[in-house]
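**Student:** Submitted below is the structure of interest, expressed as structure tokens.
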Amino acid sequence: MDLTPHLPALQVVVPMLAAPLIVLLKPRGLAWAGATAVAMLSFCIAIAMTIDVLQGKVFTYQMGGWAAPYGIELSVDAFSAVLLLVVSGAGALGMLAAHASVDQQIELERQPLFYSAWLLAMAGLIGIVVSADAFNIFVFMEISSLASYVLIAGGPDRRALPSVFKYLIMGTIGATFYLIGVGLVYMMTGTLNLADMEVRIQEVTELNPLLVAAGFITIGLALKAAVFPLHVWLPNAYTHAPHMVTMFLAACGTKVAIYVLIRFDFLVFQSALPGHSTQFASFLMPLAILGIVVASAVAVFEGHLKRLLGTSSVAQIGYIVLGASFLSAAGLSASVTHIFNHALAKGGLFLAVACLACHYRDLRLSQLAGAAKTMPWTAAALVICGLSLIGVPGTAGFISKWLLINAAMAQDNYSVLLVAVILLSSLMAVAYVWRIVETLYFGSTDNVAADGATDIIREAPLPLLLVTWLVALANIGFGFFPQLPISLSSGAASVLLGQLP
Amino acid sequence: MELLGYFNYFVFVVLLMIGLYAVISKVNLVKKLIGLSIFQSAVFLMYITMDKVEGGTAPIILAGMPEQIYSNPLPQVLILTAIVVGVSTLSLGLAIVVRINESYGTIEEDEILDAD
Amino acid sequence: MTPENTIALILCLPLFIALGIVVAGRFSDNLREAVTLLGASALAGLVWSLLPELMAGERPALEIGEVLPGLSVAFRVEPLGMLFAALASGLWIINSIYSIGYMRANREKNQTRFYVCFALALWAAMGVAFSANLFTLFLCYELLTLSTYPLVSHKGDPATVRSARTYLGILLGTSIGLFLPAIIWTYHLAGTGDFTVGGILEGHISGADVGLLLGLFVFGVGKAALMPVHRWLPAAMVAPTPVSALLHAVAVVKAGVFAITKIIVYIFGIDFLFATPSSGWLVYAAAFTIITASLIALRQQNLKRLLAYSTIAQLSYVVMAAAVLKPLAEVGAAVHMMAHAFGKITLFFAAGAIYTAAKKTEVHQLRGIGRRMPWTMAAFTIGALSMIGVPPTAGFVSKWYILAGAFQADNLLVVFTIIASTVLNAAYFLPIIFMAWFAAETPDGPDHGEAPWLMVFALTATAMLTLAFFLFNGPVIELESQLVRGGIQ
């Protein structure tokens, strides 16, 4: 039987159905092995689909055989493929590396539940990406959010609880705003299928409800995506979550919300609302610029490693939104490439953090001094990913910055300002990354409370370290051979801009 | 009387704002969750009331019945799902509040902030 | 072996050397140092083996791959790059000999890391030398910064780490903040960044923008230490002396002026720049740096800092010569890179030898040291004379060409600057030489002789090179005159 046409459905169904079964696997090694196998399978499905998408194929799948627009439709194009790779890749590699870190942070009897929540979060995020139905996106968004609340609160740090409560409140408000927006669009068009919506929305004459809907959807998703200044839930949630969870969510959590935001605004509203493009751009561009500058500046003075990296994520989200707000093919493909490359860089950084956490309970920078002596491989991987975050040539981060600056130069207005902002924030990235490097390599080890002596090499467990290095090398690999993300993202840009005159 | 014809939307907006206000202004975490529930219920109301077609009846098609105007059933189905989502969010929120109470001994936000 | 393979081998070899050093370092120090020396000799041999082809007018090239459309990693040997590569790899051999003596005599820690980073820095320098386009140049330029950072912060105490932060901050800051936008601007305008004889920008840009783009390039290449982006160079003096000698007198700083010369010659094109008045400021900026840095050097008490400021001034000679925009001056720029390298490495070697033997770092401590360390101070004298430009040293040759170029362009400012700076150079070097040879030694000073023979050998060798270059500069001049002619096609 040829499974290829069913891949979009399997992509969601496999992790979702496996999740409750994992709970039944009591011996913890088995639970981990099962969850890893499922996550890997889902990664393989994503790769298989990406290969087809690269050849120009677009997957569509009618759930239960009911034809769209009445049935629920799944679809995978170039844009979705990027996100699928990121989500399932982060989920699978994270799972592969997670064992040691999870052993350290989660009690034995709760581990199967943890793995199951991980798969649910993955299934939810994947579901958002493959759905072609506005309401389905909402449901998957809530599935992934509920699972990630559970994951974040699962660690031993009690400060995670108030953080996750804040996240829950803000996340639910964001999702509900999205729901209101979808309701208003449904009221005017009578359909929930995105492709159908695109067509029917042209016939709508009363534009005010649509305008309100666009506002609700944009704000709601910006909340979920932690676009500045709606990002306040993010640094705390990332800081106090278990390390592997931080890595998973930092790599793909907010990016999926941006994906929906871009999709909705470009495909549905762009063609229907006159002047929407300018409204979208002039609303998001200042926020993106502010986010980039303010969050980078805050990160420079942050003293806790995880919070520093989390704050830097807010700035990086700013880059993605900035690229989209250019409303040009170059800007959008820079944006989508950055989704991919930032996932690599930040995922690698948080993996390295998880390695460090194996021996350093306290992740404040002052406590990590001289860690490069005890964990040389971890520190080296962290430096590579840090360079990618800065955008040093030869790393993945450079590619997306290059594309973004080129796109900014092609803008008619403010191009000099935009380039200046991107460069300024790169310099601030140098500053905050170098604070980490300096502490790890040259910090004085006098007042550090690591468990055990500081001058013996005590590396993180091998699987964790190997995955960290895999990601670090991927940062270099995609810095020299970026054809994959670039061809996908230019495909995505042409899909999104197809509607524009 | 066009304005009054939209009274269901007024109810929706008022409820939405009451909920949002409670979420923002209340310090007690349980009260925040209550606000969140009101906020979500307002949206359910919007969906449910919008499917009403004037003179429409329940969309049950029976053999032998004359052609009739039916109300739209789809939003009701959607909102059933949304209610399930809302209930699970609420219960997860309450579970977190319980754990906060266990580890901090309080559910007042300002006291929790002071504790760390 | 085809020249293409030689290039590929040159670009891989330092990596293998680094790896070899790591492995050998596990077993014994002697083995590790043998690997370094052997590797350095092999690298120099490979680089020099490309010379005949180059002299014959060949331009061997190697393309690794295309990263983005129009943006490729590619290497191409041309006269200027060859000069830089030959210089850096050749002096690496002598410097390795010197390092062995220095690191052992001073009992430095983390010696394996030191040699590994050194090999990596040379790797990046080879990449800079042979880069065929702006992107490759930028890639290797950043690698060079990053690989030298551990060398600068080698000691690891708070003061050193602070200086290293200045070093990295200024170099990375200028390259990302100014150099990168200049590169992107160039690609945006011309659609390419390939180094092409005659330049690529003509017809794509005009008026004040040319001056602006030139400014972004010149200050973006912070390694050229044009004021006000010169602060990193004195800061880098906290590094062990072999690092200051090879990297901060030869490889790193020369990479900066080399990049600027290459950009002026191959990106702008000298005829185009000469015809564009808005680029004229560069001569003034360079002249200002020469005079100011010399004045600051006059007031330095620390020997290495004095040498650092002298380097800043001498680097601007190259920039100024390139900015004169006349063929003879471009040759002068290339020759001065070489002449200054020989002289300055000798001076740094001498400073390191004095530190190793006598633990003296300040100028006023050098009274009468010539009698205790005659070889070292003789070499120092030769180096200093070369800085001033007295025959029969290398410095005379390059000044001759720069002056000739200046007269070709009727640029009296350049002539005046060179005269003034010669006077200033004499004013800060001659007193040291005089004091070392003729002043009476302060009593109750430490009793010491020469530094370890490895170091003395190295510094004598470079001093001889300084003298030899005065007589045997023919091939270099011939090679570099191909620079502006574009070679025999």
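Since every read-out is calculated from the coordinates, none of them should be taken as a lab result. Values in this document were obtained by computation on a predicted structure and should not be read as measured data. Note that each Cβ is placed from the backbone with ideal geometry, even for glycine, and that neighbours are counted across all protein chains shown.
**Student:** Can you compute the charge dipole magnitude of the stretch A:300-494 about its Cα centre, using +1 on each Lys and Arg Cβ and -1 on each Asp and Glu Cβ, nothing else charged? Give it in debye, rounded to the nearest 20. Numbers along the way, then the final one.
**Tutor:** Numbers: 9 positive and 8 negative charges, 31 e Å.
Approximately 140 debye in magnitude.
**Student:** Work out the length of the dipole vector of chain A about its Cα centre, built from +1 on the beta-carbon of each Lys and Arg and -1 on the beta-carbon of each Asp and Glu, and round it to the nearest 20 debye.
**Tutor:** 780
**Student:** Further, regarding this structure: What is the calculated FRET efficiency for C:E53 to C:R113, with r their C-beta to C-beta distance and R₀ = 25 Å, to the nearest 0.05?
**Tutor:** E between C:E53 and C:R113, to the nearest 0.05, is 0.10.
**Student:** Can you tell me the relative contact order of the stretch C:280-489? Whole percent, Cα pairs under 8 Å, sequence separation 6 or more. Show your work: numbers first, answer last.
**Tutor:** Numbers: 324 pairs, mean separation 61.4, N = 210.
In percent, rounded to a whole number, it is 29.
**Student:** Which chymotrypsin sites (Phe, Trp or Tyr not before Pro) does the stretch A:327-431 hold that lie in a coil by DSSP with at most 13 other beta carbons within 10 Å?
**Tutor:** A:Y414
**Student:** Most fluctuating residue of B:A22, B:A42, B:A63 in a GNM of chain B with Cα springs under 10 Å: which is it?
**Tutor:** Result for chain B, Cα springs under 10 Å: B:A63 fluctuates most.
**Student:** While we're here: Taking the Kirkwood radius as the inverse of the mean 1/r across Cα pairs, report the Rg/Rh of chain A.
**Tutor:** 0.96
**Student:** Another one. In which sequence would C:M237, C:M103 go, from the one with the fewest C-beta neighbours within 10 Å to the one with the most?
**Tutor:** In order of increasing Cβ crowding within 10 Å: C:M103, C:M237.
**Student:** When the helices in chain A are scored as -39500 (n - 2.57) per DSSP H run of 4 or longer and the sum is shared across all residues, what 222 nm value do you end up with, to the nearest 500 deg cm²/dmol?
**Tutor:** Theoretical 222 nm ellipticity from helices: -24500 deg cm²/dmol.
**Student:** Taking 8 Å as the Cα distance limit and 6 or more residues as the minimum spacing, I'd like the relative contact order of chain A as a percentage.
**Tutor:** 15
**Student:** Could you pull out the GluC sites (Glu not before Pro) across the stretch B:13-110 that fall in loop regions by DSSP (anything but H, G, I, E, B) with no more than 11 other Cβ atoms inside 10 Å?
**Tutor:** Here the sparse-neighbourhood loop sites are B:E54, B:E67.
**Student:** When C:L71, B:L90 are ordered from fewest to most other Cβ atoms inside 10 Å of their Cβ, what list results?
**Tutor:** Fewest-to-most Cβ neighbours within 10 Å comes out as B:L90, C:L71.
**Student:** Then there's this: From the Cα gyration tensor of chain B, with a ≥ b ≥ c the square roots of its eigenvalues, which class applies: rounded if a/c is under 1.5, or else prolate if a/b is larger than b/c, or else oblate?
**Tutor:** oblate
**Student:** Here's something else I'd like to know. Tabulate in residue order the Karplus-calculated ³J(HN,Hα) for the stretch C:333-344, using 6.51 cos²θ - 1.76 cosθ + 1.60 with θ = phi - 60°, rounded to whole Hz; enter x for Gly and Pro.
**Tutor:** 4, 5, 5, 5, 3, 6, 4, 5, 4, 4, x, 6
**Student:** Could you work out, residue by residue across A:174-181, how many beta carbons of other chains sit within 10 Å of that residue's beta carbon, and then give the average as an integer?
**Tutor:** Mean partner-chain Cβ count within 10 Å for A:174-181: 5.
**Student:** Give me the dipole magnitude in Debye, nearest 20, for the stretch A:70-144 about the Cα centre, with unit charges on the beta carbon: positive for Lys and Arg, negative for Asp and Glu.
**Tutor:** Values: 1 positive and 7 negative charges, 21 e Å.
Here the stretch A:70-144 has a charge dipole of around 100 debye.
**Student:** Taking +1 at the Cβ of each Lys and Arg and -1 at the Cβ of each Asp and Glu, which of A:H338, A:Y432, A:N475 sits farthest along the dipole of the stretch A:300-494 towards its positive end, judged by Cα position relative to the Cα centre?
**Tutor:** A:H338
**Student:** In whole angstrom, note down how far apart the Cα centers of the stretch C:169-202 and the stretch B:1-28 are.
**Tutor:** 57
**Student:** Sort out for me the Cα centre separation of the stretch A:466-501 from the stretch A:227-256, rounded to whole Å.
**Tutor:** Each part reduced to its Cα centre gives a spacing of 22 Å.
**Student:** Could you sort out which of A:K346/C:K304; A:K166/A:K373; A:K306/C:K254; A:K26/B:K32; C:K155/C:K262; A:K166/A:K306 sit more than 30 Å apart by Cα distance in this structure?
**Tutor:** Correct reply: A:K346/C:K304; A:K166/A:K373; A:K306/C:K254; A:K26/B:K32; C:K155/C:K262.
**Student:** Follow-up. Calculated from DSSP H runs of 4 or more alone, at -39500 (n - 2.57) each and per residue, what is the 222 nm mean residue ellipticity of chain B, nearest 500?
**Tutor:** -24000 deg cm²/dmol
**Student:** Something else about it: At a Cα cut-off below 18 Å, give the aspartates and glutamates reachable from C:K399, other chains included and same-chain residues fewer than 8 away excluded.
**Tutor:** C:E330, C:D410, C:E478, C:E480
**Student:** With an 8 Å cut-off on Cα pairs and a minimum separation of 6 or more residues, tell me the relative contact order of chain C in percent.
**Tutor:** Values: 867 pairs, mean separation 76.4, N = 489.
Computed value for chain C: 16 percent relative contact order.
**Student:** Please arrange A:W469, C:W400, C:W232 by how many other C-beta atoms lie within 10 Å of their C-beta, fewest to most.
**Tutor:** C:W400, A:W469, C:W232
**Student:** Continuing with the same structure: Along each principal axis of its Cα atoms, how long is the protein assembly as shown end to end? Whole angstroms, biggest number first, please.
**Tutor:** 121, 65, 57
**Student:** Right, something else. Taking each residue in A:167-173, count the Cβ atoms of any other chain within 10 Å of its Cβ, then average. What number comes out? Mind showing how you got there, number by number?
**Tutor:** Details: counts 1, 8, 10, 1, 1, 12, 7.
Per-residue shielding by partner chains comes out at 6.
**Student:** Right, something else. Quick check: convex hull of the Cα atoms in the stretch C:238-393, volume per residue, rounded to a whole Å³? Can you show the working numbers first?
**Tutor:** Numbers: hull volume 16.3 nm³, N = 156.
So the per-residue hull volume is 104 Å³.
**Student:** Something else now. Taking the Cα centre of each part, how many Å lie between the stretch C:219-263 and the stretch A:331-367?
**Tutor:** Centre-to-centre (Cα) distance: 32 Å.
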